[in-house]
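Have a look at the structure below before the remarks.
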Amino acid sequence: RVVGPGEKEAAVDYLLQYGYLQRPLEGPDNFRPEDVTEALRAFQEASELPVSGRLDDATSARMRQPRCGLEDPFNEKTLK
Amino acid sequence: YLLLGRWRKKHLTFRIVNLPSTLPSYTARAAVLQAFQYWSSVAPLTFREVKAGWADIRLSSHGRHSPHCSSSFDGPGRVLAHADIPELGSVHFDEEELWTEGTYRGVNLRIIAAHELGHALGLGHSRYTQALMAPVYAGYRPYFKLHPDDVAGIQALYGKKSPEIGEEEEEDTTLPTTTLVPTEPGPMPDPCSGDLDAVMLGPRGKTYAFKGNYVWTVTASGLGPLFQVSALWEGLPGNLDAAVYSPRTQWIHFFKGDKVWRYTNFKMSPGFPKKLNRVGPNLDAALYWPINKKVFLFKGSGYWQWDELATTDFSHYPKPTKGLFTGVPDQPSAAMSWLDGRVYFFKGKQYWRLNQQLQAEKGFPRDTAHNWMHCRSPNTTASDGDTDSSVTGTTLNSDGSPRDTILDVVPSVTD
């Protein structure tokens, strides 16, 4: 399934809002694809979803679920 | 679990500034008190309510934007609530959510409040999706309890709960307060065990079942969540002998040992508890009979008939229960008149239904857990026919009972 730009943008916003992606202090505003992939992998692992690093339907659905407003502490390092 | 910080004290104050308006205030308040108790039951923490002024933990509800909170909410769905880590103490609920209790609809306030209090106490999000501290709301669970990861997390911060509560620190006690806890709540009973301390058809036609320190509501579609008795009726102990609600006076009387407590809804009447001195202590059961608008108190094989609004001459009581209520057991555990106009007696794991002539009907006793608590008996199949349609098929939330004007008369049964 082709992910639309709006859906991808919403996913990046989610990953940013809940601490899976950190905006660099310096450098370009856009995230590198590999940063987004790594954040998605962390989110999928923390959510007990198949870890693909891709924005699939299950990942999008998980991001739409009601939740707490605080950040998640999960990234590759903490999960390890 | 992840630890974000901790309070440098274990006896904390809290203040309920305002709670979401989609729930009746007493339901919302009971949900929040229960949320505190999840944590205080596993860690040596106590929470004392203050009604005014500063408190360590402050709970409130706000909409998308609040002048007092830098984090906005986003309307229904998505973000439900947020909280500050120690030692800040803010806990905020999104006013636009459908907050509920005892139903799968909406968002359960008790569970979300417990989650946010976890943050306020220093816990971060857990990676166990079934833990309370998981970031995503897993939905309503009727028999909710903390996940081992939640317990391990809070005990890593504050230690394990020990029988002794005491030592250390602090606090100004000049503010008007409500003491929460520090009694051990005891094990949560299993509604499917079938035995009860008391039952009551309460205000607004709700059926309440009491066992140990807990109470739950019984509806046609299932059971409500288990609350500690003191979380709903402040100041009331657990392990009650009997409970009875009178639509005539709108008073609820609870009996335990040689004491009686009186409430209107969830507010205790001034002067209570009082000592029972005109009927025997350690009653077995009590019920209101709408036909003569009297309260009946049962003990052993006898009963007392009590008019709440008149001086009752008890010199001829107790009278033999079997003289008026035919076919019921001695020493009943509980009794009530119910929405269908019948009288029910409970004892052990069974119940008896009485017709309008107060005679036990054929086919009784039956299984309380199966017919009242929606529990599936391992020995019962659908073809057994052990289904009391008058119970399971009735909507419980309408009260057709008569209501008279409340009269400010102290019942003669009490001193």
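Points to keep in mind about this one:
- Annotation: B:V328 fulfils all but one of (1) within 25 Å of the chain's Cα centre (by Cα); (2) assigned to a loop (DSSP other than H, G, I, E, B); (3) on the phi < 0 side of the Ramachandran plot; the unmet one is (1).
- Some residue of the range B:186-198 being in contact with a Cys (Cβ under 6 Å, 6 or more places away or on another chain) and either of a type outside the set (D, E) or assigned to a loop (DSSP other than H, G, I, E, B) (or both): yes
- The condition of being more than 12 Å from chain A (Cβ to nearest Cβ), in contact (Cβ under 8 Å) with a residue 40 or more places away in the chain, outside any loop (DSSP other than H, G, I, E, B) and buried (at least 20 other Cβ atoms within 10 Å of the Cβ) does not hold for B:L19.
- Screening the range B:53-145 for strands (runs of 3 or more DSSP E) wholly inside it with 1 or more residues that are away from every other protein chain (no Cβ under 12 Å), modelled with pLDDT under 90 and touching a strand residue (DSSP E or B) at 6+ places or on another chain (Cβ under 9 Å) returns no ranges.
- Helices (runs of 4 or more DSSP H) (entirely within chain A) containing at least 2 residues that are modelled with pLDDT of 90 or more and more than 9 Å from every other protein chain (Cβ to nearest Cβ): A:5-17, A:33-46, A:57-63
- Positions within the range B:217-240 being farther than 24 Å from B:Q37 by Cα and part of a loop (DSSP other than H, G, I, E, B), in sequence order: B:A220, B:S221
- Test: residue in the range B:25-48 that is among the hydrophobic types (A, V, I, L, M, F, W, C), in a loop (DSSP other than H, G, I, E, B) and under 25 Å from B:K267 (Cβ atoms): no
The values are calculated or read from the model by the stated rules, or taken from the named source; none is laboratory data. Please read all numbers here as calculations on a predicted model, not as lab measurements. Note: ideal-geometry Cβ built from the backbone for every residue, glycine included; neighbour counts use all protein chains shown.
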